[in-house]
Amino acid sequence: MKAHLCRGRLSLAIILASLAISVSLLMKIAVSHEHSLDGLRGEPFSAPSYVQPMEPGWENQPIIYEASVGSADIAVTLDQQMFTAFKPLIQNYALQHGLKIAINEGTCGITSGMLSDKSIDIGGFCCPPGKTDRLPGLSFHTVGIASIALIVHPENPAEEISIDEARLVFMGDIKRWPDLSNYDSEKQFDVAVKPVGRLHCKIRPGHWRLLLANDDLFAPNLLEVGAIPDMIAQVSSEKGAIGYETLWMAYYFKDRGNVKALKINGYDPGDASAVISGKYPIYRTYNLTTWSGKDVEKKHARELVEYLMTAVDKLEGKYNFIPVSRLREAGWKFKGDELVGEPDGQ
């Protein structure tokens, strides 16, 4: 009887060991084949044909500014990166055209709420619109995209990671830095991976969803932060941490800590050509909005958006924006001014 129990325990141990080896092999196979985990990638854009239903009479409501805006000619609310990049341009435009333009800093959520309340003429998003953003009479105008960098502590010796490994890292399946395929054993950095996430704009496609499609896929031990400065501060303070943010925002909040960016699949996030071709796979999409229709359409607002779309060509390299002109040349898909699809084959 004891012999049978021993043999049974031995068999169970062999089975468990075999399963562990199989899982390990599957992981290695996954990270050795490019795009093998692309099924975990979320949709980059929403359907541009969708229009969000609103309550009766909403479409006939005029734009009414909040009291703090006062008697402005145009009211604009922009996400953080566009606010920093575009504020001087808008102020200069206002001087040249004799306009009073109220500029507020917000987020995609704040912008969407103010558009829904019809209290602004122009809204700025750092993500493609979600379904509930596609309000009747509202048009989206893409001003550019910017790569999202995977950022780590500056003492981390890792220089690059594959997109499959990155997905496994944020899922919690790669737990220590030496488990990366390109780890240099001489670096003596046997440190646990600490994934950090900022799961903003959950109702919108693109952005971090290009890494993992939804928040349920992220590791149970993911450290969530709420704001961009917190992401930079957390990654810079934890040697094993890995997070994500655009290169420019990481630089802008350098007072919160130093971080370094990893290459993905051998491509640098600062390489615009790699982002345009899809070889560098994760990015943000930046949009501005305009209204059309009675009591909401404003000629000055439309002309300001057209000016800003053209001005982005001159900003390339300074704020990490890749302008629409380069995307069109590379075959990215547009409906009017809105970016709605990646090039065929990407």
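Remark: the range 272-285, residue by residue, has Karplus-estimated 3J(HN,Hα) of 4, 5, 5, 5, 4, 7, x, 5, 9, x, 10, 7, 9, 10 Hz, where x stands for each Gly or Pro and the curve is 6.51 cos²θ - 1.76 cosθ + 1.60 at θ = phi - 60°.
Helix content alone sets the calculated 222 nm mean residue ellipticity of the chain: runs of n ≥ 4 DSSP H residues at -39500 (n - 2.57) each, divided across all residues, give -10000 deg cm²/dmol.
How do Leu223, Leu211 rank when sorted from fewest to most other Cβ atoms within 10 Å of their own Cβ?
Values: Leu223 17, Leu211 24.
So the ranking, lowest neighbour count to highest, is Leu223, Leu211.
For the chain, the longest principal axis of the C-alpha atoms and the axis of helix 80-97 are separated by about 20°. The loop-placed GluC sites (Glu not before Pro) in the range 265-326, going by DSSP, that have at most 16 neighbouring Cβ atoms within 10 Å of their Cβ come out as Glu297, Glu316. Select from Glu245, Glu59, Glu165 the residue whose mean-square fluctuation is largest in a Gaussian network model of the chain (Cα-Cα springs shorter than 10 Å). With Cα springs under 10 Å in the chain, the top fluctuation among Glu245, Glu59, Glu165 is at Glu59.
Net charge near Ser119, counting Lys/Arg +1 and Asp/Glu -1 over other residues with Cβ under 14 Å of its Cβ? List each step's numbers first, then the result.
Working: positive: Lys118, Lys298; negative: Glu66, Asp117, Asp121, Asp295.
Cβ neighbours under 14 Å give a net charge of -2.
Charged neighbours of Pro62, selected by a Cβ distance under 9 Å, balance to +1 (K, R count +1; D, E count -1).
Chymotrypsin sites (Phe, Trp or Tyr not before Pro) within the range 206-289: which are DSSP loop residues with at most 13 other Cβ atoms inside 10 Å?
On the way: sites: Trp208, Phe218, Tyr244, Trp248, Tyr251, Tyr252, Phe253, Tyr267, Tyr283, Tyr286; in loops: Phe218, Phe253.
Here no loop site has a sparse enough neighbourhood.
Here the dipole of the chain is about 660 debye; that uses its Cα centre as origin and unit charges on the Cβ of Lys and Arg (positive) and Asp and Glu (negative).
When you have a sec, figure out the Kirkwood radius of the chain from all distinct Cα pair distances and drop it here in Å to one decimal? Result for the chain, one decimal place: 22.0 Å. Please check: in the Gaussian network model of the chain (C-alpha springs, under 10 Å), which one of Ser71, Ser112, Ser139 has the largest mean-square fluctuation. Looking only at Ser71, Ser112, Ser139, the biggest GNM fluctuation is shown by Ser71. So which residue, out of Ala166, Ala274, Ala67, gets the largest mean-square fluctuation from a GNM of the chain using Cα contacts under 10 Å as springs? Of Ala166, Ala274, Ala67, the most mobile in the Gaussian network model is Ala67.
For the range 201-215, 3J(HN,Hα) computed residue by residue from phi via the Karplus equation (6.51, -1.76, 1.60; θ = phi - 60°) reads 6, 5, 8, 10, x, x, 6, 5, 5, 6, 8, 9, 5, 8, 5 Hz, glycine and proline entered as x.
Each value in this text was obtained by applying a stated rule to the coordinates, not by laboratory testing. Being a predicted model, the structure only gives us computed values, none of them experimental. Reconstructed Cβ throughout: ideal geometry from the backbone, glycine too, with neighbour counts over all protein chains shown.
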